[in-house]
1. Report the label-to-label distance for A:Thr95 and B:Glu116 in nanometres (one decimal), using points 7 Å from each Cα along the Cα→Cβ vector.
2. Across peptide B:76-85, how many C-beta atoms of other chains are within 10 Å of each residue C-beta, on average?
3. Where both partners of a DSSP beta bridge lie in the protein assembly as shown, what percent of those bridges are antiparallel, to the nearest 5?
4. To check you understand DSSP bridge types, tell me what percent of the beta bridges within chain A (both residues inside) are antiparallel, rounded to 5.
5. Using R₀ = 30 Å, calculate the FRET efficiency as 1/(1 + (r/R₀)^6) where r is the Cβ-Cβ separation of A:Asp156 and B:Leu61; round to 0.05.
6. In the stretch B:315-349, whose amide N lies under 20 Å from the spot 7 Å out along Cα-to-Cβ of B:Phe436? List them in ranges.
7. Report the FRET efficiency, 1/(1 + (r/R0)^6), for A:Asn312 and A:Gln243, where r is their Cβ-Cβ distance and R0 is 35 Å, rounded to 0.05.
8. When the convex hull of the C-alpha atoms of chain A is computed, what volume per residue in Å³ does it have?
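We did not get these values from a lab; they are worked out from the coordinates using the rules stated. Owing to the predicted nature of the structure, the values given are computational and were not obtained by experimental measurement. Reconstructed Cβ throughout: ideal geometry from the backbone, glycine too, with neighbour counts over all protein chains shown.
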Amino acid sequence: MKKITALLVVVGLAFLAYSNQTPSSQNKIRIGLNAWPGYEFLYLAKEKGFYAEEGLDIDIVEYISLEDIRFGYERGQVEIMASTLTELLLSAERTDKEPQLFFLADFSNGADVVVTRSNIQDISMLAGKVIAVEPDSLGLFMLARTLKEAGLELEDVDVVGMSQSKMYESMVDNSIDAAVSYPPTSVNILRDISDTHTIFDTSRIPGEVIDIVSADKAFIKQNPDALKAVIRAWDKAVNFSIQNPEEAFSIMSKREQISPEEFKDVLSGIRVLKSEAQLPLFDGENRIKASIELVNQVMIQNNFLSKEFDANDLYTTSILETAYEE
Amino acid sequence: MKNKKPFKSIQLTLMLPFAVVGIIFAIITGLFAHNFMFHILQERTKNQATAISTAIDQLTLITGSTSQLSRFISMIGSERNVKKVSIIQGNNIVFSSRNSEVGDAINDQHMLSEIELVNKQGVDFFELHTEENIAELITPVRVRESNHLQDKRSTLIVEMDIKKERLSAIQQAWTITTIMIFALGLLMFFTYRLIVKYIFSPIGHIQTAITARQEGNYTLAHIERMDEIGNVAETYNHLIQDFSSKGAELEKALIKAEEGTRLKSEFLANMSHEIRTPMNGILGVAHLLNDTKLSAKQKSFVETIEKSGEALLYLINDILDLSKIEAGKIEIEHAPFNLLKTIEDTVDIITPKCRDKNIQTIINVPPNLPTSLIGDSGRVRQVLLNLLSNAVKFTHEGYVTINVDALTLENGHIRFEISVIDTGIGIPENKISHIFNKFDQADASTTREFGGTGLGLSISQKLCHMMGGDISVESTEGVGSAFTAYIEMQVDGDPKEEDRYSHLKDYDISETSVLIADNLEIINIGLCTLFKQHNVTCYTAHDKDSFFKTLETKDIDVVLIGERLSGIRAKDILLQARKGSEKSPNFVFMTNTPAEYDKNDMKAAGFIAFFPKPIYPSELIPLLKDIKKQRTEKTGNFIITRHSLKERRKTPRDENKAPHKAKVLLAEDNPVNRGIANAMLEKIGCTVKLATNGAEAIQAYEEGSFDLIFMDCQMPEVDGFEATKSIRSLEGSKASNRTPIIAFTANAMSGDKDICLEAGMDDYISKPAKPKDFEEKINKWFTAAHYEAMRKSE
């Protein structure tokens, strides 16, 4: 009889354990991104079903700003973050997370801009002016690099934090003199507000602003196959935009809320990278590592960061290297 | 018992509805839990959506900034359980968590009508699309752009992703169901355990106790509880204790009774020994006295002594028999014997009494009666003798008929019946039922008139029972009685008996014709039936006229004639027949009173044979053959009688019988018995050496050689058993021939014979012995041995 009692208990517990299993619907991977044109290819891959072709269930979560993306990543709302190196470093310092860059989207090659009133002719005139920046993000690095051109420091200007959409409103009502912006907001400001122009852009500091895709070190380790599939879907999207530019630009510009022509112009200010073009960047002088170190330095100098990271901890090439291996 | 229903345990009968109710309950619980969880999901989703809508509604009122609104919406949309948040103005999406949808028009008519309804009535619309895992809240919302005095009329759509929540709701329902099933299972299990512990297990104990009781062990049901089952067990235990104490009492009583029976048997054995010893003296002396020269009066006195003694002996034997039967000490023998001979011998015993009372005896035997049987001839004789004694005793005039019949059974057995029919006083109807009871005769007065113990019928019936049969009775008061004994026996398939009439085989009697003339027609018919079985032509006549008519008309070879025919003496009939006819059939005279006739006279009168009635079936054919032989060989110088027939039967071996020449050692301590036995043996012609005890017998044996030794069992100093053992061992050492030793004892109880044989004796003779008994044993043992010895020496 004792045996029967024991058997009953075991069967009951097994039943309970079975029914308490978490449902396996968590395979969904979420990618957080904003309206940065470089990231449109991640969206295009979703729209064209390239993720599904690779056996992935991907959700694209759209944020208004880079800051919001970082926040979403830190809260666990998304597993994969499309951002710049600034967000990567901030997350690494401010949270227990260990974000690692595993893939690049593009180099900003003029798309990131500093727009000012037309009466401000050169960078040195920015001293004492009110400049809008997305707080805790690339904008600060961008502004610091801009001011550095004229030998100015961040203390020399009046920095106010706001989102990209707020910058547009603030430019309209003249409450700010300049804004560190990027498409589509920069396109809208330059198009809609008459006395505005670009005083600095990333074409002057090529390779320093990189748009990256990163995830948790642990997540990368646990889901290498999924991330490889993301890379393959990305390549498919880039190829698709080359072969079918009209359709691709129409889809991508729609989300940017600008015209396809404007989107085409914007694209000339960035260099989208297919995976085959990315690996060489990590070789030799390793521009990526150098960029990480540079951004880290600049941010420390401007008191955005306190810690100097070992750049090797912040990136991995393992996914890129094996993306097309069986 | 064949139709007994198959065993069906209550346990199963109880557990089945339990299980069914449990399963139904679990299913209901599961459904209820699912619905409940789903309801909670719906409420929670609605509350979340409502909270989101409230926040969105308040946002532009507080900030006055639509750029903040779009950022807020994108953040809300990034929540895992929010699928999409959109704000509609007119038919267009103006804000959306999905950038690409901003500016699009809504085409879904269903959605549009819902939006219209919400705008008109100003109330929320909440809907679950379970198949798409979506919950949808449509609600009016205010969007205030800076510098505008009026809010734009807007509608908010919040789409919640409920897939995960739904799965978890289903899962929780499952969990609850599982827990319920598990709990119910446990409940059932423990209920079952309780039922087993408090009901089935104690019932099992009681069952075990009852089974043990059936197998003869007194076991108590050990249940020390005060409840219904406990009461049952207690009641059973009381019952069992009652039983066992009663059983013990019964056992004691049984032992006592058995002891009593044993003592009674011992007493009877002793008493019989004590009575038989003096009886031996009385009868022996009377017998010897009768052979001396006595006056008629003295002879009559001696005969009275003899008859009284014999009557007393019968009485003792009856009582002994009954006690032996009751003690189960009678054993039925299984030895080959001839049924017809047994019947004839028994009739022979009773014939003198019949003649005294002038009663005729008729024997009817069917054709092909199996006569060679294996069984106890002594007991058959005892039963028949009892029935015949009764018949003769209670018949004053007329005749006694003995009808034999047989029914063949399986396995070589037959069931034969012997009916004894008399023309006596009969038995009153109200007495018939208990005439077989011990000590119970039809009427107390009959005992006084006819004598007897009233044990005979009871003994006979019990003997028949022991031989697989019974006795039945039919009787009419004043007309007569018919007692029929049924007995089952095995047929002897290989009879050793020789054809005693083989020397007559050359004489064919099949063409002989016989006329039977007795004034009692029943005798004629009976004899005629017997003759016809042997293809003998037979006629009957019961008066003078029919006799002479038959004699005239038929060609008769042999006439069997009774004493008188129509009042004319047989002698005269013979004369008349011879005178008036040239035919000369042989005349056989039959009489029921042979003592009144002289055989020589009858021979002179012209009779060829002289036979006492009844003529036995076995005698008829030899008689005819003997007549034919005499006629053929013309040796008509003697008259054929029963005796002459018997003499002819004897084989050459019989001729050599010489009992009188036997040399006998007689060991007997009682001087009277010794004297009588000695006289009897000497009368037969034996040379007798006497010994007064065992020691003397051994000494005598050592000194001389004997053909036979008669050994009393109980003697002072060395008893018969020890003496026998010594003699046997002496024989062994001398390598001499085995001398037959015959026990001579008054111990009449069963088992005595076995003790004697065990001690090395060969046979057994019970006191009081008659000269005939001695002669029989000498014939059996000495003659056989003597013949064997002679054959060897030849």
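1. My value for the distance between the label points is 4.6 nm.
2. That average works out to 3.
3. The answer is about 60 percent antiparallel.
4. Rounded to the nearest five, the antiparallel share is 65 percent.
5. Efficiency at R0 = 30 Å is approximately 0.20.
6. Residues B:318-319, B:321-332 qualify, since their backbone N sits under 20 Å from the label point.
7. So, using R0 = 35 Å, E works out to roughly 0.40.
8. Enclosed volume per residue, from the Cα hull, is 166 Å³.
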